[in-house]
Amino acid sequence: MTATEKAIETLQIAAAAADAKGGEDLVALDVSDPLPLVDIFLLVTGRNERNVAAIADEIEAKLLEAGVKRLRREGRAESRWVLLDFGDLVVHVFHEEERMFYGLERLWKDCPTVAITLPAPVTAE
């Protein structure tokens with residue numbers, strides 16, 4: 001099984017939002033085969049707790065604008081690892097230390113990656 005087109009579109013919106021708030025090391029994993037209720041995990045790193053919170057908030061706002069409602073959110077109070085569940089897409093926004101410690105890329109290493117297309121940076125003329 002592979003991720004649905006809707007999940008991939010949702011991923012692109014979330015990734016652009018994360019990038020706009022300084023999210024780093026964006027990785028999308030197609031987890032549709034081992035997890036029948038989720039298509040994609042998006043992993044994002046923030047530099048500190050405020051950055052993690054800002055990234056999570058921006059992702060929520062942009063997906064809500066696109067008509068995608070959050071089903072669940074965990075970890076926002078501490079902002080060390082915020083999990084945002086949008087159904088087909090689950091976003092993990094990590095502080096760098098938590099991302100290295102939990103190593104979700106290692107846990108899901110058998111899952112293929114999904115290409116992320118970010119908007120071109122705007123340059124001042």
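None of the figures in this text is laboratory data; all of them are computed from the coordinates on show. Please read all numbers here as calculations on a predicted model, not as lab measurements. Backbone-built Cβ (ideal geometry, glycine too); neighbour counts: all protein chains shown.
When Ala20 is tested against (1) under 14 Å from Ala115 (Cα atoms); (2) in contact with a helix residue (DSSP H, G or I) (Cβ under 9 Å, 6 or more places away or on another chain); (3) surrounded by fewer than 20 Cβ atoms within 10 Å (Cβ to Cβ), just one condition goes unmet, and that condition is (1).
Table: residues versus (1) buried (at least 22 other Cβ atoms within 10 Å of the Cβ); (2) out of contact with any Leu (no Cβ under 7 Å at 6 or more places or on another chain); (3) in contact (Cβ under 8 Å) with a residue 12 or more places away in the chain; (4) more than 19 Å from Glu78 (Cα to Cα).
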| position | (1), (2), (3), (4) |
| --- | --- |
| Val27 | no, no, yes, yes |
| Val52 | yes, yes, yes, no |
| Ile55 | yes, yes, yes, no |
| Glu58 | no, yes, yes, no |
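Restricting the range 87-125 to residues that are out of contact with any Lys or Arg (no Cβ under 7 Å at 6 or more places or on another chain), outside any helix (DSSP H, G or I) and of a type in the set (D, E, K, R), the residue that is farthest from Thr10 (Cα to Cα) is Glu125. Any residue at all in the range 69-86 that's assigned to a loop (DSSP other than H, G, I, E, B), in contact (Cβ under 8 Å) with a residue 24 or more places away in the chain and either among the hydrophobic types (A, V, I, L, M, F, W, C) or under 14 Å from Ile13 (Cβ atoms) (or both)? Yes, because at least one residue in the range 69-86 is assigned to a loop (DSSP other than H, G, I, E, B), in contact (Cβ under 8 Å) with a residue 24 or more places away in the chain and either among the hydrophobic types (A, V, I, L, M, F, W, C) or under 14 Å from Ile13 (Cβ atoms) (or both). Restricting Asp30, Asp85, Asp57, Asp25 to those that are in contact with a Pro (Cβ under 8 Å, 6 or more places away or on another chain) and under 25 Å from Pro119 (Cα atoms) reduces the list to Asp30.
Confirm whether Arg73 is among the basic types (Lys, Arg), under 13 Å from the mean Cα position of the chain (by Cα) and crowded, with 21+ Cβ neighbours inside 10 Å. Taking the combined requirement at face value, the residue does not satisfy it.
Restricting attention to the range 33-50, which residues are of a type outside the set (A, V, I, L, M, F, W, C) and either touching a Pro at 6+ places or on another chain (Cβ under 8 Å) or surrounded by fewer than 24 Cβ atoms within 10 Å (Cβ to Cβ) (or both)? Across the range 33-50, the qualifying residues are Asp33, Pro34, Pro36, Thr45, Arg47, Asn48, Glu49, Arg50.
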